[in-house]
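Undergrad: First the structure, then my questions, so here it is.
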Amino acid sequence: MSKQTYSIDQFKPEYLHSIDILWNMVFQDYKIPENVFQKQFFGDFALNSEGCFVARRNNQIIGFVMTATKKIPFTPTGEFPGCIPVIMVHPEERRKGIGKKLLEEAIKFLLQKGETRIRAGYPTYLRGTILSFLGVSSHWQEAIIFFKKYGFEVVSSIDSMTVDLAQMEIPSYIYEREECLKNSGITLECLQILGQDKFLDFLSKVFPGSWHEQFSILTSIGKLSAEEIMTVRKNNEFIGFAGPSHISESGDACLGIGIGLQEDFRGKGIGLILLFKVLEMVRRRGGRRIIAFGAVDKSNYYGKAGFVPTEIWMVMKKDF
């Protein structure tokens, strides 16, 4: 590429095609079609284009950084710092100060918006989106060094496990155990729309706090999809749930807010059947793989369903 001076410019819609090409070259394991990129940027997440910047040389996009100050519904409750969901530079243009300039522009914008803590990544359980990098992958050592150089610190890490649904086989004993549960009055099925109020009441009593709050928010804004939630009921009373397992356009899905059982029903093998029912549901609805976060310490449980360890995301933040 030419050595001509590059420029840092604010995002424009006409840059999106070139940004998507760069994204799919840099993040080959996380490719996003241009139409999906556009839908998510302008529609689903309604990102502020004033906080997104490109690096250009000879009218070619050689770098891009995105910021986010708005919390989407599909995030945990609690602290929400200013975020830099992604920063990327063309491989042939690295180590030339371009990443630094993009980072400086992003930080400047976030500080102008009143942010005092900035996170590299974005805290959502949604997969297959432009906001799906929870932090900096432990595999991206150059990126970790880059952020540390400019004052970001690793404050925590998030492990993950993944199962390929096309290769998944449900053992016969799972069906046998599910049949035994039915005979004892315990059923596993997707949440019914008319049962949402009763479900929220169950959560408020059994899982008060973050889980109940997140589901309440999704319900209040009309973003709770009943078919994405697997429930467990005893004589028609809720005793457990898993989800919501939202499936992205890429076919990636996540276990969502959580998976849990009422205390007096734990340790009876119901949880494993619930997990397999979720996988079966996601595969039936077109999902190709499903990710579980914070699951490695429960590998005996998830491993029985075919999950294997994958990415570890380093959560990096800087206070200003």
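Undergrad: Run the helix sum for the chain: -39,500 (n - 2.57) per DSSP H stretch of 4+ residues, divided by residue count, reported at 222 nm to the nearest 500 deg cm²/dmol. All intermediate terms of the calculation are to be shown ahead of the outcome.
TA: Details: 9 runs with 94 residues, N = 320.
Theoretical 222 nm ellipticity from helices: -8500 deg cm²/dmol.
Undergrad: Now a separate question. Which whole-Hz ³J(HN,Hα) couplings does region 133-147 yield from phi under the Karplus relation 6.51 cos²θ - 1.76 cosθ + 1.60, θ = phi - 60°, glycine and proline marked x?
TA: Running phi through 6.51 cos²θ - 1.76 cosθ + 1.60 with θ = phi - 60° gives 7, 5, x, 10, 4, 4, 6, 9, 4, 4, 5, 4, 4, 4, 5 Hz.
Undergrad: Still on this model: Provide Phe265, Phe307 in ascending order of the number of other Cβ atoms located within 10 Å of each residue's Cβ, fewest first.
TA: Phe265, Phe307
Undergrad: Would you mind telling me which residue in Trp140, Trp211, Trp23 has the biggest mean-square fluctuation in a Gaussian network model of the chain, where springs connect alpha carbons within a distance under 10 angstrom?
TA: Trp140
Undergrad: For Glu14, Glu104, Glu176, Glu228, which order do you get if you count the other beta carbons within 10 Å of each Cβ and list the fewest first?
TA: Glu14, Glu176, Glu104, Glu228
Undergrad: Related question: Sequence-distant or interchain residues sharing an amide H contact under 5 Å with Ile257, placed H: which?
TA: Gly243
Undergrad: Connecting C-alpha atoms closer than 10 Å in a GNM of the chain, tell me which of Arg283, Arg117, Arg95 has the biggest fluctuation.
TA: With Cα springs under 10 Å in the chain, the top fluctuation among Arg283, Arg117, Arg95 is at Arg95.
Undergrad: Same structure, new question: Give me the extension gain from Arg56 to Arg117: residue separation times 0.36 nm, minus the current Cα-Cα distance, reported in nm with one decimal.
TA: On the way: separation 61, 0.36 × 61 = 21.96 nm, distance 2.82 nm.
Extra length available between Arg56 and Arg117 comes to 19.1 nm.
Undergrad: For region 233-248 and region 108-144, what is the separation of their C-alpha centers, rounded to whole Å?
TA: Taking the Cα centre of region 108-144 as reference, the centre of region 233-248 is 30 Å away.
Undergrad: Could you go through region 103-109 in sequence order and give the Karplus-derived ³J(HN,Hα) for each residue, using 6.51 cos²θ - 1.76 cosθ + 1.60 with θ = phi - 60°, rounded to whole Hz, and x for Gly and Pro?
TA: With coefficients 6.51, -1.76 and 1.60, one gets 4, 4, 5, 5, 5, 4, 5 Hz.
Undergrad: So if R0 is 30 Å, what FRET efficiency would Ser157 and His17 give, r being the distance between their Cβ atoms, rounded to the nearest 0.05?
TA: Plugging the Cβ-Cβ distance into 1/(1 + (r/R0)^6) gives 0.30.
Undergrad: Would you pull out the residues with amide H under 5 Å of Ile239's amide H, same chain only if 5 or more places away, H placed 1.01 Å from N?
TA: Hits under the 5 Å cutoff: Val232, Arg233, Lys234.
Undergrad: Same structure again: Going down the list Lys113/Lys318; Lys71/Lys205; Lys198/Lys268; Lys182/Lys268; Lys205/Lys234, which pairs span over 22 Å between their C-alpha atoms?
TA: Lys71/Lys205; Lys198/Lys268
Undergrad: For region 61-75, just list the computed ³J(HN,Hα) in residue order, Karplus coefficients 6.51, -1.76 and 1.60, θ = phi - 60°, integers in Hz, with x standing in for Gly and Pro.
TA: In residue order, the calculated couplings are 6, 10, x, 7, 9, 10, 10, 8, 10, 9, 8, 7, x, 8, 9 Hz.
Laboratory data are not the source of any read-out in this text; all were calculated from the coordinates shown. Here the structure is a predicted model, which means the values were calculated and not measured. Backbone-built Cβ (ideal geometry, glycine too); neighbour counts: all protein chains shown.
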